[in-house]
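Take a look at the structure below.
The values are calculated or read from the model by the stated rules, or taken from the named source; none is laboratory data. Everything numeric in this text was worked out from a predicted model, so none of it was measured. Ideal geometry is used to build each Cβ from the backbone, glycine not excepted, and the neighbour counts take in all protein chains shown.
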Amino acid sequence: MKKCKFLLTLTLLIASTATFAKVDDITLKSAESAIVYSINDAGALYLKKVTNKSTIFPMSGQLFPSQYRPLGYSGNGVRYEGALTIDGENKETVIELKYQSHTLTTERDGVELLTITLLDSSYPITVKYNTRVYKNYNVFEQWTQVINNSNNIIELPRVDAMYWQANATGGVFLEWYPSKQAGEFGKRIQEKLSYGKKSLECRDGIRHKEGPQPEMVIGFGDYPNEDSTPCMLVAFGWSGSSKFSYEINSDNQLETSISVLNHYGAPKVKVGESLDTPPVYSILSSNGKGEASRYLHRWVRSELMPAGDQIRPIDNNSWEGCFMNVNEESVTRMMKDSKELGIELYVLDDGWFADKYARNKDISGLGDWFENPKKLPNGIEALVKVANKEGLEFGLWFEPEMVNPESELAKNHPNWLMTMPNKEISLQRTQLTLDVANPEVQDFMFETIDKYLSKKPSIKFIKWDVNANINNPYSPYLGDKYQGNMLYEYMNGYYSVLERLTTKYPNVFFQTCSSGGGRSDFGALKYSHTHWISDNTAPNHRIVAQWNASIFIPAMATTAHVTHAPRNSVAFRPKYRFDISMMAQLGMEVDTRKCDTEYLNAAKTGIEAYKSVRDIVQLGDLYRHQNPFDSEIPSLNFVSQDKTRCLLLAYQTGEINGILRTSSKIDGLDPKKNYKVTEINLPEQDSHPRLDSQTAVIKSGTEWMGSGVPLVYSRQFDSAAILFTEVEKPK
Ligand code: DGJ
């Protein structure tokens with residue numbers, strides 16, 4: 001078996017000399033993109049050329065420049081920040097990495113790994129610069145490993161997961177998404193980069209609830225648009241504090257880097273050990289964000305996230321309807337009602353657990369993961385039985401990394417809590433973070449959830465929440481000497497628990513959340529079936545937040561709940577709410593006992609409509625048209641992979657007087673196929689079709705894409721869901 005694998009592996013081992021003999025350029029290619037590296041006469045590694053189709057991107061320059069002495073540069077050279085700094089035995093900080101060798105390995109069909117090995121000219125460290133290419137998707141995954149070959153512990157004040165330079169003369173334009181309590185995840189910032197340094201830092205510790213999301217789009221020559229600007233989409237595979245930085249220097253050269261933000265100190269690497277940065281995923285496009293998103297979504301579904309080929313169920317979550325006021329009777333009632341609506345999964349959120357320090361408010365009980373006997377006298381098992389009898393799956397909320405000081409867990413295991421020696425503790429939502437760097441804590445987290453997942457009848461869904469930052473940054477397990485490693489050890493511990501659980505329970509779906517949202521990172525996505533991106537469920541927020549998420553995250557991985565927010569507003573009719581949630585993984589978050597008949601009927605219609613098209617949304621390709629930031633008639637469409645079906649979702653967000661006749665673009669259809677259009681999700685009481693009745697119902701893909709789809713709106717916050725189905729053209 002081993003031999004066979006060896007034969008399949010194409011390994012090119014080039015040069016391994018101390019003299020840095022001349023090496024040919026090294027090229028890594030995907031179906032449509034290529035990255036070319038070169039080694040200069042002094043042995044320094046350069047990014048030489050980056051292309052997608054016939055577009056040459058202005059990215060090039062040294063990959064590990066020294067901060068002090070540009071290698072091979074005499075005179076007054078520009079001082080780069082560089083991607084790596086070390087602190088060795090004699091406080092060595094000057095890095096002068098020289099090429100040693102490289103390997104290009106075919107790991108499996110369509111996936112190649114390039115590893116370029118570099119040695120410092122004087123200090124015994126080895127750096128492995130790794131880039132994996134997923135050829136069919138044009139996705140590159142990149143990370144750096146630093147190996148300590150010295151006889152002393154070294155520190156790494158800086159080690160970037162991604163670093164590159166580009167000539168900024170033609171203009172470099174950045175698009176990013178702030179979070180601020182997740183409510184602002186719906187903002188899109190676009191700016192032209194200029195001289196000086198810009199640093200986007202998230203300092204939450206273990207999530208991105210405040211500050212920038214760990215993703216960016218770079219437009220070359222113009223602001224990134226959907227279908228023409230050459231651009232690059234970049235996502236950091238890391239859920240912890242992060243730093244994205246940009247600096248255009250006096251040579252008009254841009255330095256861009258992505259790294260773990262280690263404000264707790266520099267991580268140490270013991271003798272003979274190594275440190276790997278988290279991965280960064282990137283994709284280039286000659287034709288704007290649209291094409292890049294489509295490739296990225298396909299890659300995420302097939303290569304990154306679990307069960308990317310499986311349809312996500314329609315859930316109803318107890319939180320916004322009931323908060324912590326849940327019990328066996330009410331949950332049983334709501335499950336039965338949910339079934340009537342067509343819901344497939346009921347998720348019991350916060351409030352179901354703890355006894356001595358009962359979980360009735362967020363001030364106590366967190367960490368005591370057993371059923372509250374007053375609320376659930378017959379345990380979760382009784383609820384799972386009811387759910388299964390009704391034909392529903394059952395899901396349960398946990399917040400495994402956190403603890404209230406008022407809990408049995410905190411009182412029994414004070415050494416598991418992150419608190420700073422000699423400092424007062426700082427609470428957020430009355431809670432503390434567990435010391436997840438500690439393997440005992442990791443085992444506790446695993447066993448907590450394992451205990452419930454191993455029961456029969458079984459739970460099929462876990463919501464994993466995180467409602468506080470690292471506010472008391474000290475790991476008692478790591479002790480004084482290794483606090484700089486805390487974030488790495490914490491995050492690796494978090495991922496390892498998720499990995500153990502998802503491996504042991506491949507049929508259980510996991511939803512990762514980070515308190516009110518702001519969760520949209522490729523680190524957590526590797527182990528999640530969906531993200532909860534924002535607690536703000538008002539439709540005017542959802543449309544922009546879901547839009548932003550859709551640049552990187554496939555629709556199936558963004559849960560979109562229909563609720564009564566904001567405050568039972570009637571400005572947003574149920575149809576509009578459902579049409580907005582249809583652009584992702586639709587679900588609800590309502591107490592069915594508080595919904596009126598009109599709402600319940602509209603929910604039935606909306607859920608039925610979504611079921612009829614969700615395979616197109618969740619497994620198809622997305623085409624975004626006018627966006628909700630610049631337009632009052634935003635729209636988007638999904639096309640099934642075989643192009644036989646397509647769903648157009650179009651919205652009217654602005655104020656209008658009377659009737660508005662407009663049209664939406666449609667894209668991605670097969671030009672030669674004929675499609676019939678029908679309108680879906682029209683509640684019974686709604687007698688006003690949005691599809692203009694004067695339009696021909698059957699046309700070819702070419703005709704539809706040329707003419708667009710004529711729509712009629714009659715109010716603000718109106719919307720249309722139009723289904724295209726392939727048909728034979730009538731003779
Ligand atoms: C924050 C989440 O975003 C909500 O959906 C809910 O799960 C609460 N936490 C529960 O405390």
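When A565 is tested against (1) under 21 Å from the mean Cα position of the chain (by Cα); (2) small (G, A, S); (3) within 14 Å of the ligand (Cβ to nearest atom), exactly one condition is not met: (1). Just checking, does region 61-69 include any residue being at pLDDT below 90 and over 33 Å from the mean Cα position of the chain (by Cα)? Among the residues of region 61-69, at least one is at pLDDT below 90 and over 33 Å from the mean Cα position of the chain (by Cα), which makes the answer yes. Does any residue of region 214-235 turn out to be closer than 28 Å to I153 by Cβ, under 20 Å from the mean Cα position of the chain (by Cα) and modelled with pLDDT of 95 or more? No: zero hits. One residue is enough: does region 457-465 have a residue meeting the conditions surrounded by fewer than 19 Cβ atoms within 10 Å (Cβ to Cβ) and over 18 Å from the mean Cα position of the chain (by Cα)? Yes, there is a match, as at least one residue in region 457-465 is surrounded by fewer than 19 Cβ atoms within 10 Å (Cβ to Cβ) and over 18 Å from the mean Cα position of the chain (by Cα). Using the structure shown, decide if N372 is out of contact with any helix residue (DSSP H, G or I) (no Cβ under 6 Å at 6 or more places or on another chain) and more than 19 Å from P414 (Cα to Cα). The answer is yes for N372. Taking the numbered list (1) more than 15 Å from the ligand (Cβ to nearest atom); (2) surrounded by 22 or more Cβ atoms within 10 Å (Cβ to Cβ); (3) of a type in the set (F, W, Y) in turn, W547 passes all entries but (2). Residue-level check: of (1) within 16 Å of the ligand (Cβ to nearest atom); (2) touching a helix residue (DSSP H, G or I) at 6+ places or on another chain (Cβ under 6 Å); (3) at pLDDT 95 or above; (4) not aromatic (F, W, Y), A524 misses just (2).
Checked against (1) surrounded by fewer than 24 Cβ atoms within 10 Å (Cβ to Cβ); (2) within 16 Å of the ligand (Cβ to nearest atom), T597 passes all but condition (2).
Between V436, V441, which is among the β-branched types (V, I, T), touching an Asp or Glu at 6+ places or on another chain (Cβ under 6 Å), away from the ligand (no atom under 16 Å from the Cβ) and in a loop (DSSP other than H, G, I, E, B)? Residue meeting the stated conditions: V436. Flag: N151 does not match the condition of being polar (S, T, N, Q) and either under 15 Å from L28 (Cα atoms) or surrounded by 19 or more Cβ atoms within 10 Å (Cβ to Cβ) (or both).
Would it be correct to say that K98 is part of a strand (DSSP E or B), over 26 Å from the mean Cα position of the chain (by Cα) and not β-branched (V, I, T)? Considered against the rule, which asks whether it is part of a strand (DSSP E or B), over 26 Å from the mean Cα position of the chain (by Cα) and not β-branched (V, I, T), K98 comes out as yes. If only residues of region 462-471 that are β-branched (V, I, T) and in contact with a Phe, Trp or Tyr (Cβ under 8 Å, 6 or more places away or on another chain) are counted, the one that is farthest from the ligand (Cβ to nearest atom) is I470. Among the residues making up region 230-257, those that are of a type in the set (S, T, N, Q) and surrounded by 20 or more Cβ atoms within 10 Å (Cβ to Cβ) are S239, S241, S242, T256, S257. For region 671-714, taking the residues that are charged (D, E, K, R) and over 21 Å from I616 (Cβ atoms), the one that is modelled with the highest pLDDT is identified as D692.
Which residues, taken from region 501-521, are outside any loop (DSSP other than H, G, I, E, B), touching a Phe, Trp or Tyr at 6+ places or on another chain (Cβ under 8 Å) and away from the ligand (no atom under 13 Å from the Cβ)? Scanning region 501-521 gives L501, T502, F509, F510.
Against the condition acidic (D, E), assigned to a loop (DSSP other than H, G, I, E, B) and touching a strand residue (DSSP E or B) at 6+ places or on another chain (Cβ under 7 Å), how does E92 come out, does it pass? Yes. Can you tell me which residues in region 200-225 are away from the ligand (no atom under 16 Å from the Cβ), in contact with an Asp or Glu (Cβ under 9 Å, 6 or more places away or on another chain) and within 26 Å of A524 (Cβ to Cβ)? Matches in region 200-225: C202, R203, G211, P212, P214, E215, M216, V217, I218, P224.
Rundown of residues vs (1) away from the ligand (no atom under 16 Å from the Cβ); (2) touching a residue at least 60 places away in the same chain (Cβ under 8 Å), yes/no style:
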| site | (1), (2) |
| --- | --- |
| F398 | no, yes |
| E406 | no, no |
| E424 | yes, no |
| L427 | no, no |
| P457 | yes, yes |
| K460 | yes, yes |
| P473 | yes, yes |
| G493 | yes, no |
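Of the residues making up region 328-356, those that are more than 33 Å from the chain's Cα centre (by Cα) and free of Cβ contacts under 8 Å to residues at least 24 places away in the same chain are E329, D355. Note on region 575-594: among residues that are hydrophobic (A, V, I, L, M, F, W, C) and away from the ligand (no atom under 15 Å from the Cβ), the one that is nearest to D315 (Cα to Cα) is L586. Taken over region 387-408, the criterion of being in contact with a Gly (Cβ under 7 Å, 6 or more places away or on another chain) and part of a loop (DSSP other than H, G, I, E, B) is satisfied by N404, S407.
For every residue, the table says whether it meets (1) in contact with an Asp or Glu (Cβ under 9 Å, 6 or more places away or on another chain); (2) basic (K, R); (3) without any contact (Cβ under 8 Å) to a residue 60 or more places away in the chain.
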{"residue": "A166", "(1), (2), (3)": "yes, no, no"}
{"residue": "M232", "(1), (2), (3)": "no, no, no"}
{"residue": "W238", "(1), (2), (3)": "yes, no, no"}
{"residue": "S242", "(1), (2), (3)": "yes, no, yes"}
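Being in a strand (DSSP E or B) and within 11 Å of L97 (Cβ to Cβ) is the filter here; which residues of region 114-127 pass it? Scanning region 114-127 gives I116, T117, L118, L119, D120, I125, T126, V127.
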